[in-house]
Each structure stands twice: as structure tokens, then as C-alpha cells.
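A short write-up of the structure that comes next.
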Amino acid sequence: MKSPLLHTTLAGLALTVLQSTAPAAELSFERQRIGTGTYEAGTICDINNDGVLDIVSGEYWHPGPDFTQSHKIATILEQSTYFDDFSNFPMDVNGDGYLDIVTGGWFAKKVQWRENPQGKTVEWVTHEIDTVGNVERGCFWDIDGDGHMEVVPNLPNDGVVLFVLERDDAGKGTGKFRRVDIYGEKQGHGLGFGDINGDGRGDLIIPKGWLEAPEKPFDEPWTFHPELDLGEASIPVLVYDMNKDGKNDLIVGQGHDYGLAWLEQGMADGKRTWTKHDIETDRSPFHVIHLADLDNDGSPELITGKRYHAHNGNDPGAAEPVGLYYYPLNSLPLKRHVIDYGPADKASGSGIYFWVEDIDGNGWKDILAPGKEGIYLFKNQGK
């Protein structure tokens, strides 16, 4: 069944210079509509190895630097208003020197990778990594600290698993993945990664607690600490020392409700505590959150926004305007800066999987924000 929203990919440019408002922000952005696709995931990478960054979102890739053309990647399962493509991560899976795309979907219950035909404008071959259950979104983290990303899908109805790309002696991908089962209970909606206990190893965060990483994370058991209740948490949950006290805290949005907050890590009577500090209480839903330095001051910003029609208009606040925001983390409490805000036919949210990268080489990081309201590129023009 076709979505009532436009999802064709005839390239059409719509350039708007946005000066953030309410309150006034230091950064300005140029907004460009990328085709008319309504996919919810996207990435920025060099698909054809020409030294120019391209845009990938859903069924198409758009060559840089102007992104006015569209080349078909694959036909993706469409269910109601969803395309079954809940992450787009660039990774050279088969070691041929070209970036492939790793993805996963709710309806097919699979983690997959799409094989780049070495930059040619022909359709790609999709390979199955594994059948895992409903994939709310893929996450990609260097779990063991070897410089290579692992694939960690958020599976609300299943346990925690990850996939390690097998590499040859030269460090190139072989096209094969090793599955590692981490935790057998349902993980719930939400997943994060970072060092909770200060031992130098990255731990995994799920809505009801955190999984402590062992010294050998792919071969030894992880220890579960049931210390949290994050609700239907954002993907990812971010780990960051918000108050600079030497202990990492958590930043979490509500993926299908109102609310964005940070949880302060403390200790009392030898036990770890988590104190909630609200950032937003009257906007929803914050399905995806991200850290990146947008203003080049050496401190990251929290970047997030509304996922439009995450549950086809049935989430709290679904009929309210969409928006894309950033919050500097160099002082507390956090202050919202608006990049875009308005009705879904005129403004952009943050989708389910957005990307931050300096796409035009001007020294300021840009934001690719795909969603059911459209695929938008926000070019950061600096201060």
C-alpha cells in the first residue's frame, strides 16, 4: 500500500537560509530539500570514490556536491507509511574499497547490508546478516576499542546481540559477520553505549539498566545492573559527563512521548544513583539524539528533534509542529536553539536516523535530517 505522503525521488531543490529563532541562536543554516523521499534514515558518505560526499537515504543515493540526481539502490519493503529501513550506516563490508550500507528493519526482522556496485549507477544487492526480531533502529559502536564499528540493533522484543565484521589479515572486511549474544532478556525500546563505571570499557545501556562490559566483550559474559527505568527511550541513549564531576551521566529522550532529560550519576551508601534533570517536558517525541560540535567551540552540542508520525499520528503530541534543535553542553541548564520549526509540510524534524558531517568542506558540521516529512540537508553557515 502506498503512503499518502510523497515518496518519489524526482530531485528538486529548495534552498532556504534559516536563522534560528526563539531564542536567537549563534548559528545559521541553509536548508535544502533532497528530492521528495519520505524515508526515515540517511547518511553522508562518498559512494563512488570521487572525493565528493554523497547522500544516501532509503532507496536512493544522491551524488554530491549538488544532490540533484537520484540513483536507485534497491526496492525497500513498504508497510503502511513506513519503509523497512531503520538505519543507513556506511561500512566497507566486503573489503573492495567502496562503502556499503548496513541497515535493518522492523517488519522483515532482519539486519542486512547493501553491496555498493563500486559506484556504478545500477541497483545494489542486499545481503542478509541475520534474522534477529523487530529492529527499532541499528546502532554502530566500537565495542572492543579496536577502531572498527560493530553492528548493535535495538530489538525491543528480543535480547541484546551484536555483530562483528570478520576481517582478513590486512584488516579488510570479508563480507561475513560473527554474531555475539550479550543478554537474553528483552532489551526494550532504547539502547546506548559508553563507560558507566569508569573502568575504560564501553558498557551497554538498555531501558531497565546497564550491561557492564567484561575485559573480552565478545567472549566473556556481561553483568547486568538493574538501576534504571528509562521508559521507551531514545535510540541512542547518550553517555556524557554533563556536570564535569568525573562520572558519566545519561542523556535520554522519550521515543514515543513527551520528554528529554539527563540523568546525573551519583553514589550514596556505596550504591549508584541516578537523578533526573528535565531538558524538555512539552515537546515530543525525541526518538533519536546525537552529540556533535556544531559551533566549533570544542564542546559538543546535543542535537535532536521530533520524529514525525513515529506511530502514524498516535503518539502524544503527534499533531504538534515538527522541529530540529541543538543544545550547547558547555553550561547548565541546557538552552534550546531552534534550527527548524513548523508544520510538517514546511519544516523538518529529525527522523529515526540522522547524520552529522561537514558535507561542503566549509569547516562547520551539517545535518542530514530524513523523515516522513521529507529528506532535508541543513548546511551550517557558522556564526
* Please enumerate the residues belonging to the range 191-206 that are assigned to a loop (DSSP other than H, G, I, E, B) and either farther than 11 Å from Glu227 by Cβ or open to solvent by 10 Å² or more (accessible area, probe 1.4 Å) (or both). => Leu191, Asp195, Asn197, Gly198, Asp199, Gly200, Arg201, Gly202
* Structure fact -> Screening Gly147, Gly37 for residues that are within 21 Å of the chain's Cα centre (by Cα) and within 27 Å of Phe193 (Cβ to Cβ) leaves only Gly147
* From the options Tyr327, Tyr341, residue that is open to solvent by less than 10 Å² (accessible area, probe 1.4 Å) and either part of a loop (DSSP other than H, G, I, E, B) or at pLDDT 95 or above (or both) -> Tyr327
* Asked: Taking the condition part of a strand (DSSP E or B), of a type outside the set (Lys, Arg) and crowded, with 20+ Cβ neighbours inside 10 Å, does Asp315 pass?
  -> no
* **Tally, over the range 299-312, of residues that are in contact with a strand residue (DSSP E or B) (Cβ under 8 Å, 6 or more places away or on another chain), in a loop (DSSP other than H, G, I, E, B) and either free of Cβ contacts under 8 Å to residues at least 12 places away in the same chain or crowded, with 24+ Cβ neighbours inside 10 Å (or both)** => 2
* Asked: Taking the condition assigned to a loop (DSSP other than H, G, I, E, B) and open to solvent by less than 20 Å² (accessible area, probe 1.4 Å), does Val161 pass?
  -> no
* the range 129-145, subset assigned to a loop (DSSP other than H, G, I, E, B), of a type in the set (A, V, I, L, M, F, W, C) and touching a Lys or Arg at 6+ places or on another chain (Cβ under 8 Å), residue nearest to Glu215 (Cα to Cα) -> Val132
* Restrict the check to the range 270-289 and report whether at least one residue is open to solvent by less than 30 Å² (accessible area, probe 1.4 Å), assigned to a strand (DSSP E or B), touching a residue at least 60 places away in the same chain (Cβ under 8 Å) and among the β-branched types (Val, Ile, Thr). => no
* Entirely in the range 83-128, the strands (runs of 3 or more DSSP E) that have 1 or more residues that are open to solvent by 30 Å² or more (accessible area, probe 1.4 Å) -> 110-115
* Structure fact -> When the range 176-190 is checked residue by residue, the ones that are part of a loop (DSSP other than H, G, I, E, B) and surrounded by fewer than 17 Cβ atoms within 10 Å (Cβ to Cβ) are Gly184, Glu185, Lys186
* Residue satisfying all of: in the range 55-76; β-branched (Val, Ile, Thr) and part of a loop (DSSP other than H, G, I, E, B); surrounded by the fewest Cβ atoms within 10 Å (Cβ to Cβ) among these -> Thr75
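Tell me yes or no: at least one residue of the range 351-365 is in contact (Cβ under 8 Å) with a residue 60 or more places away in the chain, of a type in the set (Asp, Glu), part of a strand (DSSP E or B) and open to solvent by 30 Å² or more (accessible area, probe 1.4 Å).
Yes, there is a match, as at least one residue in the range 351-365 is in contact (Cβ under 8 Å) with a residue 60 or more places away in the chain, of a type in the set (Asp, Glu), part of a strand (DSSP E or B) and open to solvent by 30 Å² or more (accessible area, probe 1.4 Å).
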* **Residue selected from the range 27-54 under the condition polar (S, T, N, Q) and under 24 Å from Asn312 (Cα atoms), by the criterion most open to solvent (accessible area, probe 1.4 Å)** => Thr36
* To do: Look through the range 210-221, keep the residues that are surrounded by fewer than 18 Cβ atoms within 10 Å (Cβ to Cβ) and of a type outside the set (Asp, Glu), and return whichever of them is nearest to Trp106 (Cα to Cα).
  => Phe218
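The values are calculated or read from the model by the stated rules, or taken from the named source; none is laboratory data. The structure displayed is predicted, hence computed values, not measured ones. Please note: Cβ atoms are built from the backbone with ideal geometry, for glycine as well, and neighbour counts cover all protein chains shown. Please note that ligands, DNA and RNA were not included when accessible areas were found on the heavy atoms of the full protein model with its side chains. Shrake-Rupley method; radii C 1.70, N 1.55, O 1.52, S 1.80 Å.
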